[in-house]
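Input: a single structure, listed below in structure tokens.
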Amino acid sequence: MKKRPYVICHMTPSIDGKIVSKKWPALQIASAAYERTATTLAADAWIVGRVSMAPYAGKSRVRRLTGKQRMPRRDFIAEAKTRSYAIAIDPSGKLTWRSNAIDDAHVIAVLGERVSDDYLAFLESRGVSYIFGGRASIDLRRVLAKLRTAFGIRRLLLEGGGKINGSFLAAGLIDELSILIAPVADGSIGTPTLFDAMVGKGLARKLRLISISRIKGDLVWLRYKM
Ligand SMILES: NC(=O)c1ccc[n+]([C@@H]2O[C@H](COP(=O)([O-])OP(=O)(O)OC[C@H]3O[C@@H](n4cnc5c(N)ncnc54)[C@H](OP(=O)(O)O)[C@@H]3O)[C@@H](O)[C@H]2O)c1
């Protein structure tokens, strides 16, 4: 089997498993604790879904190519100044990156092969690296193997939202959970949860508790192996 990074799903849900935190009370305390605990996990990259990445990507214009030559569907590894990475699963190429870095992490887009040539040219002009995850759907196992071989990523934080977490869970690709429960009863219906894998009964995977600690601000940090 091909080597892949060790995957830790690191999240801050409410006590009822909800993850849309914008209107939560004392959000700053939870966010700071989230960043602090993330650092202790010593990962060399983080990955999120297209929806969660949108506010970090910002907005810019994708220009139309003038000549009509086709861009090959070949992975593109741009020059990166650092060896830490921010990765987005963006199968249709919807993120219009303003820069190829978030803080000090180099951006990698995971694309479907049906993205437009204009979009690939846009990513290359921005210096954003991209890899292909499949044609009709994204093969997460293949994506992880590429992240390991092409970028040397060994330890990856999976940081939401519910859809990407759910698809990693369904594919059996999460090694560990790092869950920082915010002291909030959210109560919303129909909003994203920690794992949105399938409609109906769900997957019900068994977990093994490895640590539990109380964090300042009434948060509880739970770590599990899958
Ligand atoms: N509390 C926390 O710790 C935390 C952490 C992160 C995010 N969040 C919140 O979570 C919310 C977003 O969650 P979400 O579930 O709606 O979105 P998400 O998981 O961030 O992004 C979902 C989108 O990503 C793409 N995608 C993800 N996995 C894919 C796969 N396996 N194959 C193909 N495409 C895939 C698809 O893009 P397309 O739609 O383009 O096909 C999909 O619609 C936001 O409100 C965010 O603030 C909370």
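Collect the residues in region 1-23 that are more than 9 Å from the ligand (Cβ to nearest atom), surrounded by fewer than 18 Cβ atoms within 10 Å (Cβ to Cβ) and either part of a loop (DSSP other than H, G, I, E, B) or of a type in the set (D, E, K, R) (or both), keeping them in residue-number order.
Of region 1-23, the ones more than 9 Å from the ligand (Cβ to nearest atom) are 1-9, 15-17, 23.
In the following step, the residues that additionally are surrounded by fewer than 18 Cβ atoms within 10 Å (Cβ to Cβ) were identified as 1-3, 6, 15-17, 23.
Correct list: M1, K2, K3, I15, D16, G17, K23.
Can you tell me which residue among A43, A54, A86 is in a loop (DSSP other than H, G, I, E, B), among the small types (G, A, S) and either surrounded by 11 or more Cβ atoms within 10 Å (Cβ to Cβ) or not assigned by TED's automatic domain parsing to the domain that holds S129 (or both)?
Working: A54 fails: in a loop (DSSP other than H, G, I, E, B); A86 fails: in a loop (DSSP other than H, G, I, E, B).
Testing whether each residue is in a loop (DSSP other than H, G, I, E, B), among the small types (G, A, S) and either surrounded by 11 or more Cβ atoms within 10 Å (Cβ to Cβ) or not assigned by TED's automatic domain parsing to the domain that holds S129 (or both) leaves just A43.
This table checks each residue for (1) surrounded by 19 or more Cβ atoms within 10 Å (Cβ to Cβ); (2) outside any strand (DSSP E or B); (3) not hydroxyl-bearing (S, T, Y).
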position: R98; (1), (2), (3): no, yes, yes
position: V110; (1), (2), (3): yes, no, yes
position: R114; (1), (2), (3): no, yes, yes
position: L123; (1), (2), (3): yes, yes, yes
position: I131; (1), (2), (3): yes, no, yes
position: A136; (1), (2), (3): no, yes, yes
position: K163; (1), (2), (3): no, yes, yes
position: G172; (1), (2), (3): no, yes, yes
position: S188; (1), (2), (3): no, yes, no
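Are any of the residues in region 60-70 at pLDDT below 95 and within 16 Å of the ligand (Cβ to nearest atom)? Before you say what the answer is, go through the steps one by one.
Going through region 60-70, the residues at pLDDT below 95 turn out to be 60-70.
Adding the requirement that they be within 16 Å of the ligand (Cβ to nearest atom) leaves 62.
There is at least one residue in region 60-70 that is at pLDDT below 95 and within 16 Å of the ligand (Cβ to nearest atom).
Could you check how many residues of region 205-219 are outside any loop (DSSP other than H, G, I, E, B), over 13 Å from A182 (Cβ atoms) and touching a helix residue (DSSP H, G or I) at 6+ places or on another chain (Cβ under 7 Å)?
Final tally of qualifying residues: 0.
Determine whether region 165-183 contains at least one residue that is closer than 21 Å to C9 by Cα, at pLDDT 95 or above, acidic (D, E) and within 15 Å of the ligand (Cβ to nearest atom). Steps first, answer last, please.
Filtering region 165-183 down to residues closer than 21 Å to C9 by Cα leaves 165-183.
Retained after the next criterion (residues that are at pLDDT 95 or above): 165-183.
Retained after the next criterion (residues that are acidic (D, E)): 175-176.
Now drop any that are not within 15 Å of the ligand (Cβ to nearest atom), which leaves none.
No, the conditions are met nowhere in region 165-183.
Given (1) within 12 Å of the ligand (Cβ to nearest atom); (2) at positive phi, identify the lone condition not met by A54.
The one condition A54 does not meet is (2).
The values are calculated or read from the model by the stated rules, or taken from the named source; none is laboratory data. All figures in this text were calculated on a predicted structure; none of them were measured in a lab. Note that each Cβ is placed from the backbone with ideal geometry, even for glycine, and that neighbours are counted across all protein chains shown.
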